[in-house]
Amino acid sequence: LPDRERILLMTRLARCYSFIAQDGDDWERAKDQYESIMKAYKVVTPQGVLDVRVLQTHPELLGVYVEEGYVYANLGKSDSKLKFQFDNASTVFSNVLRVVQANSEPWWQAKFMVLQVLFERGAESDLKLARVGLENLERSNPSFDANKFGMKDKFLELKKQINQVMGSAGR
């Protein structure tokens, strides 16, 4: 198969596994499929960063990589023994921030997910980092994305959740 068709079929299979995932084993199957796509196309360098040349050749792989990050986050939520997967999710979304244009839709989504992953991991230090990251982002972008990409409400909801868990004055 030509690369584009192969990527499409591999991605469809990974998405099918994600759509039906209900537990850690199911998410693990989805993770394995996403990882096989990333390895087949060498999207991530041995240094652990995105290979921009690969993404220039196959720009659709950036979206597939983002989906892999969501799978890692869901794995982290699925079982306390898999909380380390939150680190993998964070790495994915941080890598995306390094290669996309600031204030673009993928940038806003990755920014949100970095903070969401910290919140979901739930350690006190993670909650503090999420809160500070959110405050800094809001300071430089008072209306976040101004809902241009539908992210403002998500950031405000995350802020509300963080404040509920930490107490609105707790720092």
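The values are calculated or read from the model by the stated rules, or taken from the named source; none is laboratory data. This structure is a prediction, so every number in the text was calculated from the model and none was measured. Here Cβ is always computed from backbone atoms with ideal geometry, including for glycine, and neighbour counts include all displayed protein chains. Accessible surface is based on the protein model in full, side chains and every heavy atom, while ligands, DNA and RNA are left aside. Shrake-Rupley method; radii C 1.70, N 1.55, O 1.52, S 1.80 Å.
Things to note:
- Members of region 35-58 found to be open to solvent by 50 Å² or more (accessible area, probe 1.4 Å), touching a strand residue (DSSP E or B) at 6+ places or on another chain (Cβ under 8 Å) and assigned to a helix (DSSP H, G or I), listed by number: none
- When residues in region 135-170 are screened for being part of a helix (DSSP H, G or I), open to solvent by less than 50 Å² (accessible area, probe 1.4 Å), closer than 12 Å to residue 112 by Cβ and among the aliphatic types (A, V, I, L, M), 2 of them pass.
- When the test is whether a residue is under 23 Å from residue 85 (Cα atoms) and within 18 Å of the chain's Cα centre (by Cα), residue 128 does not pass it.
- Evaluation of residue 125 against (1) out of contact with any Gly (no Cβ under 8 Å at 6 or more places or on another chain); (2) open to solvent by less than 20 Å² (accessible area, probe 1.4 Å); (3) assigned to a helix (DSSP H, G or I) (one fails), failing number: (2)
- Restricting attention to region 82-105, the residues that are farther than 22 Å from residue 47 by Cα, assigned to a helix (DSSP H, G or I) and open to solvent by 50 Å² or more (accessible area, probe 1.4 Å) add up to 1.
- If the condition is being surrounded by 13 or more Cβ atoms within 10 Å (Cβ to Cβ), in a helix (DSSP H, G or I) and among the aliphatic types (A, V, I, L, M), then region 1-34 contributes 7, 8, 10, 13, 14, 30.
- Failed criterion for residue 89 (all others in (1) in contact with a Phe, Trp or Tyr (Cβ under 7 Å, 6 or more places away or on another chain); (2) free of Cβ contacts under 8 Å to residues at least 24 places away in the same chain; (3) hydrophobic (A, V, I, L, M, F, W, C) hold): (2)
- Residues of region 60-81 that are closer than 13 Å to residue 43 by Cα and either buried (at least 16 other Cβ atoms within 10 Å of the Cβ) or of a type in the set (Val, Ile, Thr) (or both): 61, 62, 64, 65, 66, 68.
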